[in-house]
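These notes concern the structure reproduced below.
Each value in this text was obtained by applying a stated rule to the coordinates, not by laboratory testing. Treat the numbers as computed from the prediction; the structure is a model and nothing was measured. Here the Cβ positions follow ideal geometry from the backbone for every residue, glycine too, while neighbour counts run over all protein chains shown.
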Amino acid sequence: MGCGTGYFTRALARRMHGPVVGVDLDEARLEYARAHDGGRADYTIADARALPFADASFDMVMSIAAVCFVDDEAAAVAEIVRVSRRRFAVGLLNRHSLLWLQEGRDGGQGGYRGPRWHSMRQARGLFAGLPVRDIHERTAIHLPSGGRTAKVVERLLPSRLPSGGFILVSGNVTEPRRRATPHT
């Protein structure tokens, strides 16, 4: 959900043994994704707050740093859980990170202009009241420079450290479900 130009969708499609679908609201980004995909995935224009798929349509649903840009992020997270049959993973931007200090302060800049930045507690709170279990939070990108030192530090730091610029919340739906009738 929120595949943009399809970078993560293409990476996932190369590793999966089944259909992969990328969803985004921006048709131009989807066109780019289709042109660079080689037919590995399908791409659909859709609003994250009302996905055009039946309940429990996908074994796993992922969203990497897209929910942060959705006006009603709670509705987007609820949709991710609704269309997931088994697992989900949602990436968010961490308000308590060097990345926020570097890119997100004062409304952000470049690709970081305009998203909501979350604490670990807020990230977990997006799943409150939803039919989920086994919630785990991890962080990454503790040193946003990306240089050699950052690569070494990233391997050494535990993923539970709450200071990474990127928060990943993953979990399972309450119980494996069969595909239901289309959502209206």
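Computed values, structure above
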item	result
For ALA41, net neighbour charge (Lys/Arg +1, Asp/Glu -1) across residues whose Cβ lies under 9 Å away	+1
Candidates VAL77, VAL90, VAL152: whichever shows maximal mean-square fluctuation once the chain is modelled as a Gaussian network with Cα springs under 10 Å	VAL152
The chain: most fluctuating residue of VAL153, VAL169, VAL70 per GNM, C-alpha cutoff 10 Å	VAL153
Overall form of the range 23-122 per C-alpha gyration tensor (a/c, 1.5; a/b vs b/c)	oblate
Other-chain or far-sequence residues with amide H under 5 Å of VAL61's (modelled H)	ARG87, PHE88, ALA89
Beta bridges by DSSP in the chain, antiparallel share as percent, to the nearest 5	55 percent
Karplus-derived 3J(HN,Hα), 6.51/-1.76/1.60, for each residue of the range 166-174, Hz, glycine and proline x	10, 9, 10, 10, 10, x, 10, 5, 3
